[in-house]
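Visitor: Below you will find the structure I want to go over with you.
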């Protein structure tokens, strides 16, 4: 498996030969390159870098290599241990560190891991910054510290509490209303760090809960991507009755999905839609999501008098566009909520607190809340790539094919997205896996899937 180097960081499978997988030698190289980049780019440095990780089985090994390398580069390490991605992002800001490394492969299976790289704001590196890190790594252009200038190491487990306190302090998080609603929930935290921090959050909000897969063992009980096909256990639990909703997070707790009280999916695309609807009621403004996200956010934004803007896929692309248009809420249709009032990063804790505030204010069932939003359906397909596949050439051919059609609006900011009056389809090379993602949306799942399959056949015919 070739290492994947992208806007989303450095990721790969564990084990194997140097240069082909995420192994100790490559971890040292990319960590050293990152530290070199930070040293060259940060003004008034604190000489500290924060490290946090999810509960993956390989996490301890990767963490030890990363922390030792940073110390060898002369950096003091603040190890916050088992922590969510948003917790690590906030810890960078709270400590005044020069940057941070999150050790997580997000929704990828258990044999994957990754290094997600943060700047001094606790935000992901830009594409240009990431490319600079890769260039430094390719040249091995770094110098290690001598014995008198090695970095120091400290463990600090206070950041879960500080993260929760920051969420509770948000002006639109109505703690009293949530407590008075006496919610009962089921949570699937996929045997990762959500099982550590979410009980503390729910306790603070006065929510009664039951956890499935709550032990942070890293041995994922099912495919960790929070999609309906992977969530039979929690959906069955809700169908048995007695709960108000289900909450599902991915291994690093930056993606969030809800399940209705009757065991049916609320829809991961509608996580951001529902939270944005709540935020826009009190703070009207603009919104942003990526090109592969539902049109429902556009509809809700325009209903509240704001302007919706699409961005290329990738969290840093979304946050960059949010800053450009001064968006009050944004994120990604995969269940990622970005609320600038907190920080510019996907944060499931923020999403949970805002969603529960909205639900408490409305006094309705989750299934009833879902009916308040426009009804769209997204089919998510994929085309596995071979080493010889020329993806850029294929996408260029697809673009040319639809450019001349009067009822099709083509956007090539990120892959090729074709907007029709009542549906759309988006083809793009994944940042995290060797595949082409084919997302399509329409008024029914059948029509959405049909559109996606038709476009997949177009691609197959071109190979």
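Read-outs: derived from the displayed coordinates by stated rules, not from any lab. Just so it is clear, the model here is predicted, and its values are computed rather than measured. Cβ: placed from backbone, ideal geometry, glycine included. Neighbour counts: every protein chain shown.
Visitor: Could you tell me the relative contact order of the range 4-159? Use alpha-carbon pairs under 8 Å, at least six residues apart, and round to a whole percent.
Guide: 32 percent
Visitor: Taking R0 as 35 Å, what's the FRET efficiency between residue 392 and residue 264 from their Cβ-Cβ distance, rounded to 0.05?
Guide: Between residue 392 and residue 264 the formula returns 0.30.
Visitor: Which order do the peptides 376-387, 326-337 take when ranked by the mean count of other beta-carbon atoms within 10 Å per residue, highest first?
Guide: Details: 376-387: 16.0, 326-337: 25.9.
Per-residue Cβ counts within 10 Å, averaged per peptide and sorted highest first, yield 326-337, 376-387.
Visitor: On a full-extension model of 0.36 nm per residue, what is the gain between residue 43 and residue 447, subtracting their alpha-carbon distance, rounded to one decimal in nm? Don't jump to the answer; show the numbers that get you there.
Guide: On the way: separation 404, 0.36 × 404 = 145.44 nm, distance 5.29 nm.
Fully extending the segment from residue 43 to residue 447 adds 140.1 nm.
Visitor: Still on this structure: Is the shape of the chain best called rounded, prolate or oblate, per the rule: a/c under 1.5 gives rounded, else a/b larger than b/c gives prolate, else oblate, with a ≥ b ≥ c the square roots of the Cα gyration tensor eigenvalues?
Guide: oblate
Visitor: Return, ordered by residue number, the residues of the range 438-463 whose backbone nitrogen is under 18 Å from a label point located 7 Å along Cα→Cβ of residue 400.
Guide: 458-463
Visitor: If you don't mind, there's one more thing I want to ask. By per-residue mean of other Cβ atoms within 10 Å, what is the highest-first order of 443-456, 260-273?
Guide: Output ranking for 443-456, 260-273: 260-273, 443-456.
Visitor: Per-residue counts of other Cβ atoms within 10 Å, averaged by peptide: what ranking do you get for 138-148, 65-75, 30-40, highest first?
Guide: Peptide ranking by packing, descending: 30-40, 65-75, 138-148.
Visitor: Pull out a ≥ b ≥ c, the square roots of the eigenvalues of the alpha-carbon gyration tensor of the range 377-462, then state rounded if a/c is under 1.5, prolate if not and a/b is larger than b/c, and oblate in the remaining case.
Guide: oblate
Visitor: Restricting to DSSP H runs of at least four residues, report the calculated mean residue ellipticity at 222 nm for the chain, -39500 (n - 2.57) per run over all residues, nearest 500 deg cm²/dmol.
Guide: -12000 deg cm²/dmol
Visitor: Does the range 1-105 come out rounded, prolate or oblate, given a ≥ b ≥ c as the square roots of the eigenvalues of its C-alpha gyration tensor, rounded meaning a/c under 1.5 and, failing that, prolate meaning a/b above b/c?
Guide: Verdict is prolate for the range 1-105.
Visitor: Given the chain, what percent of its DSSP beta bridges are antiparallel, to the nearest 5?
Guide: 55 percent
Visitor: What percent antiparallel are the DSSP beta bridges of the range 175-370, to the nearest 5?
Guide: 35 percent
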